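Throughout, read-outs are computed from the coordinates displayed, never taken from laboratory work. For clarity, every value in this text was computed on a predicted model and none was experimentally measured. When we count neighbours, we look across all protein chains shown, and the Cβ atoms used for this are built from the backbone with ideal geometry, even at glycine.
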Amino acid sequence: MNNRNIPVIAIDGPSASGKGTVAQLVAEALGFGYLDSGALYRVVAFAAKQNNIDWGDAEAVAACANKLNIQFKNSQVYLNNTDISEEIRTEEMGKGASQVAVHAPLRAALVNLQHNFRQAPGLVADGRDMGTVIFPDAELKVFLTASTDTRAERRYKQLLGKGLPANYENILLDLRERDARDKGRASAPLLIAKDAILLETDNLTITDAVNTVLFNFKHKK
Ligand code: DC
């Protein structure tokens, strides 16, 4: 692994746990870079769909990923110089990302890209396997979660807030399905790293969660 002495904070957890928001605020507070690894799987799902590649076809999906020109600039995601930040945030691409993410050849194709984000002065990496597979030597590992009901409610409010249609029961079913797939896959499943701290956010504000991560990071040093 490159740049081993550059600190990484790995924040893993299930969908809609709020880890994206927490990870970005932690990165901002420390002046660190931020890796949204879920966005990579979403871009692959989006590109596969554009190229009529079945999300279930492991080899074709990995080959498609190897050809992609993905860039992150100012919190926006670009595919072949086109800003696709909005397109990859849909529920459809979330589901697609979870489906392509089961394929070991695809996960292998994305490893170097993720390691390249490890740059001075440090990185906050958000995903499912940041602490277990991609950055096993991370200085701090956090597993951020909340009950399925809390996460469904957050997602529901988020969609309504954006003026998008939302059905609570469907959101709950989708989350359960996605949790089962992310936890049950053979390749880099979602699990709590042995050396991770568990942060349950049902009764925590975002500020509380951010401060807990920052406190643990400072006290690890
Ligand atoms: O964090 P997210 O909802 O944007 O992630 C979308 C999907 O991508 C998620 O359901 C599983 C997959 N994923 C993964 O397998 N490994 C990661 N490190 C990040 C996301």
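What is the local net charge at D126, summed over the other residues whose Cβ is closer than 10 Å to its Cβ (Lys, Arg +1; Asp, Glu -1)?
So the surrounding residues net to 0.
Once phi is turned into ³J(HN,Hα) by the Karplus curve 6.51 cos²θ - 1.76 cosθ + 1.60 with θ = phi - 60°, what whole-Hz value does each residue of the stretch 32-44 show in order, with x for glycine and proline?
Calculated HN-Hα couplings, in order: 8, x, 9, 10, 9, 5, x, 4, 5, 5, 5, 4, 5 Hz.
Quick one: Karplus J couplings for the stretch 84-96, per residue in order, coefficients 6.51, -1.76, 1.60, θ = phi - 60°, nearest Hz, x for Gly and Pro?
Ordered by residue, 3J(HN,Hα) equals 10, 4, 6, 4, 7, 8, 5, 4, 4, 6, x, 5, x Hz.
For a quick check of your reading of the filter: which GluC sites (Glu not before Pro) in the stretch 79-134 sit in a DSSP loop and have no more than 14 other Cβ atoms within 10 Å? Could the numbers behind the result be given before it?
On the way: sites: E86, E87, E91, E92; in loops: E86.
Listed in order of number, the matching sites are E86.
If a/c stays under 1.5 just call it rounded; otherwise compare a/b with b/c (prolate if a/b is bigger, oblate if not). Do that for the stretch 161-221, with a ≥ b ≥ c from the square roots of the Cα gyration tensor eigenvalues. Intermediate results must be reported in sequence, preceding the final value.
Values: a/c = 3.29, a/b = 1.34, b/c = 2.45.
It comes out oblate by the Cα gyration axes.
Report the charge-dipole magnitude of the stretch 3-58 in Debye, nearest 20, computed about the Cα centre from +1 at each Lys and Arg Cβ and -1 at each Asp and Glu Cβ.
Values: 4 positive and 5 negative charges, 18 e Å.
Its charge dipole is roughly 80 debye.
Where a Cα-Cα gap under 14 Å defines reach, which aspartates and glutamates qualify for K220, not counting those fewer than 8 residues away within the same chain?
Those aspartates and glutamates meeting the cut-off are D137, E139, D195.
Enter the Cα centre distance for the pair the stretch 130-208 and the stretch 35-107, rounded to the nearest angstrom.
19
How many percent of DSSP beta bridges within the chain run antiparallel, rounded to 5? Before the final figure, lay out each step's value.
Working: 6 of 23 bridges.
Taking every DSSP beta bridge within the chain, about 25 percent pair in antiparallel fashion.
Quick one: the Cα spread of the chain along its three principal axes, in angstroms, biggest first?
49, 41, 33
Return the lysines within reach of K218: Cα separation strictly under 25 angstrom, same-chain partners fewer than 8 residues apart disregarded; answer none if there are no such residues.
Within the straight-line cut-off, K218 pairs with K19, K141, K194.
So if I place +1 on the C-beta of Lys and Arg and -1 on the C-beta of Asp and Glu, and nothing else carries charge, what would the dipole magnitude of the chain be about its Cα centre? I want it in debye, nearest 20.
Numbers: 26 positive and 26 negative charges, 92 e Å.
It works out to roughly 440 debye.
Given the options F46, S85, P7, identify the residue whose Cα lies farthest towards the positive end of the charge dipole of the stretch 1-116 (+1 on Cβ of Lys, Arg; -1 on Cβ of Asp, Glu).
The listed residue farthest towards the positive side: P7.
Work out from phi, with θ = phi - 60° and the Karplus expression 6.51 cos²θ - 1.76 cosθ + 1.60, the ³J(HN,Hα) of each residue of the stretch 138-143, listed in order in whole Hz, and give x for Gly and Pro.
3, 5, 9, 10, 10, 10
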